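Written below as structure tokens is the structure these notes are about.
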Amino acid sequence: MDTRAESAAYSKAVDEPSVLLTRAPDAVLTRRLLAPIWVGGITWKVLFLVTAGGTAIMALAIAYTVITGIGVWGNDIPVAWAYAITNFVWWIGIGHAGTFISAILLLLEQPWRTSINRFAEAMTLFAVLNAAMFPVLHLGRPWLAYWIFPYPSTMQVWPQFRSALPWDAAAISTYGTVSLIFWYLGLVPDLAAARDTAPTLLKRRLYGIFALGWRGSSAHWNHYRIAYGILGGLATPLVLSVHTVVSFDFAIAQLPGWHSTIFPPYFVAGAIYSGFAMVITLMVPIRRIFGLHEVITTRHLEAVAKMTLVTGSIVYYAYAVETFLAWYGGSEFEMYTMLKDRISGPYAWIVWIVYGINFVAPNLFWFRRIRRSAIALFAISIFINVAMWLERFFLIVTSLHRDFLPSSWRMYLPTFVDGAIILGTLFFFLFLFLLFLRFVPFVPISEVKELRHELAKEERELAERAKEAAHGR
Amino acid sequence: MTTPTGHRLPLLEDDGWSRRHVLQLLGMGALAACQPPREPILPYTVQPAGVVPGKPQFYATTMTLDGYATGLLVESHVGRPTKIEGNPDHPASLGATGLQHQASILDLYDPSRARLPRRREGPAGWETFVREFGPLLPGAGVPPPGEGLHFVLPPTTSPLAASLVDAVRTRYPRAAFHFHAPLYARAADEAARAAFGQVLATQRFFDRATRVLAIDADFLGTSPFGVRWSHDFAQRRRVHGPADDMNRLYVVESDLGLAGAIADHRLRARPSEVPLVFLAIARALVRGSPRAPDALRGALERLPADLPHAPWAEAAARDLLQHAGDCVVIVGDTQPAEVHVLAHALNDLLGNVGRTVAYTPTAIVEAGEASFGLEPLLAAMDARAVSTLVLLDVDPVRDAFADDRFGARMAQVPQTVCLSLRETATAKASRWFLPGTHWLESWGDARAFDGTLSLRQPLVRPLYGGHDALEVLAVFAGLADTNPWRLLRTLHQRTGAAPTDATWNAAVQRGLFPGTAFAEVAAAFRADAVAPAVNAMATRARPGGIEIALRPDPRLHDGTFAHNEWLLELPDPITRVSWDNPAHVSHATARRLDLHEGDVVEVRWNDRSLRIPVLPTEGVADDTLALTLGWGAWVARERDVVGTDAYPLRTRAAPWDLAGATVEPIERPRPVGGTERVRVELASGQPHIDMHDRPILLHDTLETFRNQPDFVRPHDDRRPSLYGAWTQHGPQWGMSIDLGTCTGCATCVIACQAENNIPTVGRIGTAKGRAMHWLRIDRYRLGTGEDDVQLLPQPMLCQHCEKAPCEYVCPVNATVHSPDGLNEMVYNRCIGTRFCSNNCPYKVRRFNFLEYNDYEAETPKMQKNPDVTVRARGVMEKCTYCVQRIRTAQIEARIERRELRDGEVRTACQAACPTGAIVFGQVSDPNSGVAALQGLPHSYAVLQHELGTEPRTRYLAHLRNENEEVPA
């Protein structure tokens, strides 16, 4: 029986598509998975130039903002936060899926995380990087952003710890740091593999530097396993805490629509939901372009789709609860915002788009055929990404634009600079991602090989048991 | 012209240039220093040994508006006037100011002021001017000296101007003097002449009136006496307890004014209807008073039976009759003479004369004379009989009646001299141009509405080397010494007002000569005047079509302040629109004509037309378009014309109310085919006026208040808190704002802007909602419907919450609470997250989205208050309760080893408020004024019960004194 058939038999036994279709030998796997970093292509170059151009637009828009002042954005009083904070929450939300996949699924020993954790983590890092720009950029005086950290100032002034913003800074920087170390640690064995197979001396030396002298000894593997496990344990609560803290930026305020205790779970669920959507958005094209159907299988698609369905349902439940509580709480301001302005106010069209997409999109994943269709998944994920951006937008803007005194009510209208920055960060994100695909093994080779061994072993045992059973009969 | 060091700069005198001169001029520009006037000026308080840097001094001086004096105190920092306050000794001020007074300081430093004197051919200095016009004018010597010499001045009350006019007349007996100001109430003078046989000023004592009937009279707003009248009116409107009485205000008008907005009963009436409603009231009054003179009764009874709004008029009349002798009937300056005559008759009938109304001689020089207006000049120009025309501080090319065609007529005059603060249209059309002086730059005098003789002492030498109109008159008079100070000194020595240095110095220090108010004149109303007046009113045709009401602008007055960025950016006190003067139209009419906010319409009246955006707004009579005058100037900051100039519609025959106009929206071709409306975005300071039934501006009737004095209590309760109360030590500051007496005039807004270095953000910034006003006037719509509603004002500023939502969300401690209860803003610490603004329920925080201060232009910097930080971009700012004033007072008290006295600290808004609606002080002192006010039963804090913010700023609920008999 060839490997593919073997695997199919296993899948049938567990009634799930397999997490790994190939049973190719280690050397073949290594070669195949390292190929993208040795062999470039014209497509990559074109995409690289396009995204570099988009990144330049972002850089220009940012430079213009910093030099002129954030008056070049559409913000006003009362809508003092809008696009920048929307982008921040959106990107940081996207940053959640990576660590969720690598850390929580690691601890839960979910084998399907293996093939996709590396790029999901990279996605997290780049998303966090994008996200972290906005709290700085949106400041009136961004060059003083470091005041938000409790650094040893000679004036002995500390941040004001009752505000959620210093918590935010701490949470994001911690998350970013842990994610980076976690990601890099996982990379070390693969970087060593790249070093060992590098075609030129320069590449060998470069990868050698980054491989930190990894030789693959048992002691190395022992330490590696321990460190990886500890980091996984550290990262797990961070997945929950970061977006909880982000939600405090709103929940500690007293604005109608913000001041709500439901925000932490609501935001965490929303973050993982949007993060998984972004994983799908990236995974489907990568799988296709690099022909990785054996490594990233239907099983992965289905698992991610199920996660999206679960978290999406939580988000939808949160919508229902916050609306209900606005009525149940009896505050006239809260009722106006939730039951009138959002539903029929000037931004209601956005609200209804969000409610619509976030209801329909995840619920399509009840259907196995949709869960297993890469195209459908990709299309739905784009809708979810857009809806989740719009969700943050209306959440922020509807509460601000009509708060307590009607005399101050005003609309918010974005400017071209606002648009250039959000589009620019998308390009920047893809730009970084392209660099990642080109220079770093984006599928964890050692883990895939390990998985193959485990699967092969399981399949062997299965086969033996089957044989014994046949003999016994 | 001299350099700041006092060296003579011969450049302009010699009309020649050299390297040395150019360098001198450049040096002058770089220094642009403020120099005190050469003559001894005296501060309001005791003069210290020398000027102490950092310690401001106050000088009493006088500003005139339409000729009438208002006494002011001007704060000066090391020779730099920075802020204007009222002069408490002056009858027109009583310590308060008006909008234009506050804003006028900005005009002093306006870089767009004219600088260079010129003859048409090119630059020419003052000396050249004196050489040319000082000697007896050539060709004018024989036979009649001064034939063809005409002067146009603004209406003046200045004895010095009058004496110089006389001096010119002595030299040129045939010289003619005309007085021109577009808003000057000629009709009132005519009416006085008709009613009393002489030109008299009517004095109204609103502080003695329990009932006021205002016919198209915004006596609290656009009137030149608005400051004093607002003060007096508030005296009878202030209610501190259920036992207090309150006046009642009836207003009949076409466009909503400040008085109309707070009126207890207001009737919307088309301009042509207003006199008819007044006649209806008059007839009801006559029918109710048996003593009514036969002439009046006869004239009114002959009227047709069906006068409009008769039930309303009768109810108002009954009320007035019940308060005969302590009511006031006032008619606006925009009404023709016959309406004024009827008002005189009614005040006479009601027995108000001698009690709430009195007559004095008018303070306006030559008022009522045949030569007073421009008409004789126009005739002379047509006859080519004008050889030299001297235009001093007037701009008739722009603001004379359109059918005067003043510019065209003026072009035919061989010699024209114009003196003006700016390069006005008249200046551009003149052969000689001299830069004028700001009133803070030159000596002068003027009389207040009641005749009180007031002195104007300058605080700086002319910044741009200008000269005063008085000097020009002195040149024409052939005086060797044209120095206005010496002229003034000599004049008042001669008249006996200030015979000695001591009396002079006392008058300069106080800004006025006490006891110089005119005595009341016992004027008998001529009964025969009333019949022609009533007939004139009644026979006025009742025209169809759209009627146009041209009105003075509450902000720019007649256009004198059309370059003042503070006033341009100030939201209109009623419509809240900044940087524009859209035509007001009622919602009903807008719907009928399918007009929407910002639609540009073509207004046609006879052969004249105008393009102007429209604004459907509250309180405008149906089928009426209300336009304000004075807009349409080119403003440097905007690099554009701001607003629409309505003067081209104004003609001698119809100066205020135009009937039979048409209004048509303008269409333009769309790029994709078809047409679309031409529409402009109006920069509204407050797009929403619906209160959504939220307890923000609490209000009720006097009746309810008497039955239930603490009707505000449910919205002011403190909610139980998990946290204990703060223990408070030392003085605790707080503010009380009386919504019952606030007229929403917005003087406080400009006062705050001047005091606290608040920048302007321009039209686009305002439209985006980025105006920086720390204190704003919110207007909320009361009542159902769209047009017949009340628009009540509510000053909104930092409430200085004890539990401030802004403080706990700031990540860097940039907004913190002071031990004396101020919510403080630490600009240096602010990084600009704007979280504080988001969390402020009152949205009173203002953010520097861009760099709003001009660091390039030299002179505007000089206006800045050195006690207040100029904020850079990227930081949040807001009302500080004028902390700089608190600390100054505390330091002074400490030096003198005493406690602060109540009322010693007055915030800028409080000091400027004409009605005294704002009171600031120590809430911790139970004997203080503010503590007493905050303890009143109808004192409440906005959203206190709902949000628990515990604001230190509390409001007294608005009360209205409704007359049940008046039909809704």
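Couple of notes before you dig in:
- Residue within the stretch B:553-567 that is touching a helix residue (DSSP H, G or I) at 6+ places or on another chain (Cβ under 8 Å) and at positive phi present: yes
To keep it simple, each residue is scored yes or no on (1) touching a strand residue (DSSP E or B) at 6+ places or on another chain (Cβ under 9 Å); (2) away from chain A (no Cβ under 14 Å); (3) without any contact (Cβ under 8 Å) to a residue 60 or more places away in the chain.
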position	(1), (2), (3)
B:675	yes, yes, yes
B:684	yes, no, no
B:692	no, no, yes
B:697	yes, no, no
B:714	no, no, no
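- From the list B:639, B:650, B:719, the lone residue that is surrounded by fewer than 16 Cβ atoms within 10 Å (Cβ to Cβ), of a type outside the set (Val, Ile, Thr) and more than 14 Å from chain A (Cβ to nearest Cβ) is B:639.
- When the criteria are applied in full, residue A:324 fails the requirement of being touching a residue at least 24 places away in the same chain (Cβ under 8 Å), more than 14 Å from chain B (Cβ to nearest Cβ) and part of a helix (DSSP H, G or I).
- Checking residue B:360 against (1) surrounded by 24 or more Cβ atoms within 10 Å (Cβ to Cβ); (2) assigned to a strand (DSSP E or B), the condition it does not meet: (1)
- The listed residue being under 16 Å from residue B:540 (Cβ atoms), among the charged types (D, E, K, R) and over 33 Å from the mean Cα position of the chain (by Cα), out of B:302, B:297, B:291, B:270: B:302
- Residue-level analysis places residue B:671 outside the set of residues that are surrounded by 15 or more Cβ atoms within 10 Å (Cβ to Cβ), over 25 Å from residue B:554 (Cα atoms) and either touching a Cys at 6+ places or on another chain (Cβ under 9 Å) or not hydroxyl-bearing (Ser, Thr, Tyr) (or both).
- Restricting attention to the stretch B:887-938, the residues being surrounded by fewer than 21 Cβ atoms within 10 Å (Cβ to Cβ) and under 30 Å from the mean Cα position of the chain (by Cα) number 8.
- Output for the stretch B:933-952, where each listed residue is away from chain A (no Cβ under 14 Å) and in contact (Cβ under 8 Å) with a residue 60 or more places away in the chain: B:933, B:934, B:936, B:937, B:938, B:939, B:940, B:952
- Within the stretch A:92-109, residues that are assigned by TED's automatic domain parsing to the domain that holds residue A:227 reach partners that are of a type outside the set (A, V, I, L, M) and assigned to a loop (DSSP other than H, G, I, E, B) with beta carbons closer than 8 Å, at six or more positions or on different chains, in the pairs A:105/A:112.
- Among the candidates A:469, A:456, A:374, residue that is farther than 30 Å from residue B:770 by Cα and free of Cβ contacts under 8 Å to residues at least 12 places away in the same chain: A:469
- For the residues B:292, B:324, the requirement of being assigned to a loop (DSSP other than H, G, I, E, B), surrounded by 18 or more Cβ atoms within 10 Å (Cβ to Cβ) and among the small types (Gly, Ala, Ser) singles out B:292.
The rows are residues; the columns are (1) more than 35 Å from the chain's Cα centre (by Cα); (2) modelled with pLDDT under 95.
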residue	(1), (2)
B:117	no, yes
B:124	yes, yes
B:134	yes, yes
B:137	yes, yes
B:146	yes, yes
B:157	no, no
B:162	no, no
B:170	yes, yes
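- Hits in the stretch B:761-797 (condition: in contact with an Asp or Glu (Cβ under 8 Å, 6 or more places away or on another chain) and farther than 22 Å from residue B:742 by Cβ): B:761, B:762, B:763, B:766, B:767, B:768, B:769, B:770, B:786, B:787
- Residue match in the stretch A:292-299 (condition: part of a helix (DSSP H, G or I) and in contact (Cβ under 8 Å) with a residue 12 or more places away in the chain): yes
- Residue match in the stretch B:528-543 (condition: over 22 Å from residue B:787 (Cα atoms), surrounded by fewer than 19 Cβ atoms within 10 Å (Cβ to Cβ) and of a type in the set (Val, Ile, Thr)): yes
- Among the conditions (1) touching a residue at least 40 places away in the same chain (Cβ under 8 Å); (2) more than 26 Å from residue B:147 (Cβ to Cβ); (3) touching a Leu at 6+ places or on another chain (Cβ under 9 Å), residue B:423 misses just one, which is (3).
- Selection from the stretch A:105-134 of residues that are part of a helix (DSSP H, G or I) and farther than 16 Å from residue A:94 by Cα: A:105, A:106, A:107, A:113, A:114, A:115
- Tally of residues being in contact (Cβ under 8 Å) with a residue 60 or more places away in the chain, farther than 19 Å from residue B:498 by Cβ and part of a loop (DSSP other than H, G, I, E, B) across the stretch B:144-174: 6
- Of all residues in the stretch B:106-128, those that are under 30 Å from residue B:855 (Cβ atoms) and assigned to a loop (DSSP other than H, G, I, E, B) total 9.
- Of all residues in the stretch A:398-447 being in contact (Cβ under 8 Å) with a residue 24 or more places away in the chain and polar (S, T, N, Q), the one that is farthest from the other protein chains (Cβ to nearest Cβ): A:446
- Check on residue A:162, assigned by TED's automatic domain parsing to the domain that holds residue A:71 and among the basic types (Lys, Arg): no
- The sole residue among A:325, A:339, A:400 that is closer than 30 Å to residue B:834 by Cα and in contact with a Pro (Cβ under 8 Å, 6 or more places away or on another chain) is A:400.
- Any hit, the stretch A:122-140, residues being within 14 Å of chain B (Cβ to nearest Cβ), out of contact with any strand residue (DSSP E or B) (no Cβ under 8 Å at 6 or more places or on another chain) and either among the hydroxyl-bearing types (Ser, Thr, Tyr) or under 18 Å from residue A:308 (Cα atoms) (or both): no
Quick grid of which residues meet (1) assigned to a loop (DSSP other than H, G, I, E, B); (2) within 13 Å of chain A (Cβ to nearest Cβ); (3) among the β-branched types (Val, Ile, Thr); (4) buried (at least 23 other Cβ atoms within 10 Å of the Cβ):
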| residue | (1), (2), (3), (4) |
| --- | --- |
| B:726 | yes, no, no, no |
| B:735 | no, no, no, yes |
| B:769 | yes, yes, no, yes |
| B:778 | no, yes, no, yes |
| B:786 | yes, no, no, no |
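- Take the conditions (1) under 29 Å from residue B:261 (Cβ atoms); (2) surrounded by 20 or more Cβ atoms within 10 Å (Cβ to Cβ); (3) more than 14 Å from every other protein chain (Cβ to nearest Cβ); residue B:955 misses just one of them, which is (3).
- Elements of type helices (runs of 4 or more DSSP H) in the stretch B:803-881, at least 3 residues being facing chain A (nearest Cβ under 10 Å): B:805-809, B:835-839
The values are calculated or read from the model by the stated rules, or taken from the named source; none is laboratory data. Quick caveat: nothing in here was measured; it's all calculated off a predicted structure. Quick reminder, even Gly has a Cβ in these numbers, built from the backbone with ideal geometry, and neighbours come from all protein chains shown.
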